[in-house]
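*Asks:* Take this structure, written in structure tokens, and hold onto it; I'll ask about it next.
The values are calculated or read from the model by the stated rules, or taken from the named source; none is laboratory data. None of these values were measured; they are calculated from a predicted model. Every residue, glycine among them, receives a Cβ derived from its backbone with ideal geometry; neighbour counts consider all protein chains shown.
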Amino acid sequence: MKPFYTRKQSEPERLFVETLESSKKVKWWFKNGETEIKYFAVPRSIINQFGLTEYDKLEWILKAEGGELVIIVKPQKGEIR
């Protein structure tokens, strides 16, 4: 999944990418885009099976060394998790 291109990263996002890149426990990672139709999306019915609200957006997808998939969702504005 290289190279990784982005317009502008926040400092926390940049540090997160560095952590992913240096981790031996992460096989690969994918940062979902935000504005174009070509980016990865999951139908709302599948998201709801995981107990997420219908408003959650997939932000990152990681594949761990043991084969597990990790999905990180982006909270909506004003939402506290």
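*Asks:* If Gly67 satisfies all but one of (1) in contact with a helix residue (DSSP H, G or I) (Cβ under 7 Å, 6 or more places away or on another chain); (2) modelled with pLDDT of 80 or more; (3) in a loop (DSSP other than H, G, I, E, B), what's the number of the condition it fails?
*Replies:* It fails just one condition, (1).
*Asks:* Being surrounded by fewer than 12 Cβ atoms within 10 Å (Cβ to Cβ), modelled with pLDDT under 85 and not in a helix (DSSP H, G or I) is the filter here, so list the residues in the stretch 11-52 that pass it.
*Replies:* Glu34, Thr35, Glu36, Ile37, Lys38, Phe40, Pro43, Phe50, Gly51
*Asks:* Next question, about the same structure. List every residue pair whose Cβ atoms lie under 8 Å apart, where the two residues are 6 or more positions apart in sequence or sit on different chains, the first residue falls within the stretch 18-44 and is under 16 Å from Val73 (Cα atoms), and the second residue, located anywhere, is at pLDDT 90 or above and of a type in the set (D, E, K, R).
*Replies:* Trp29/Lys63
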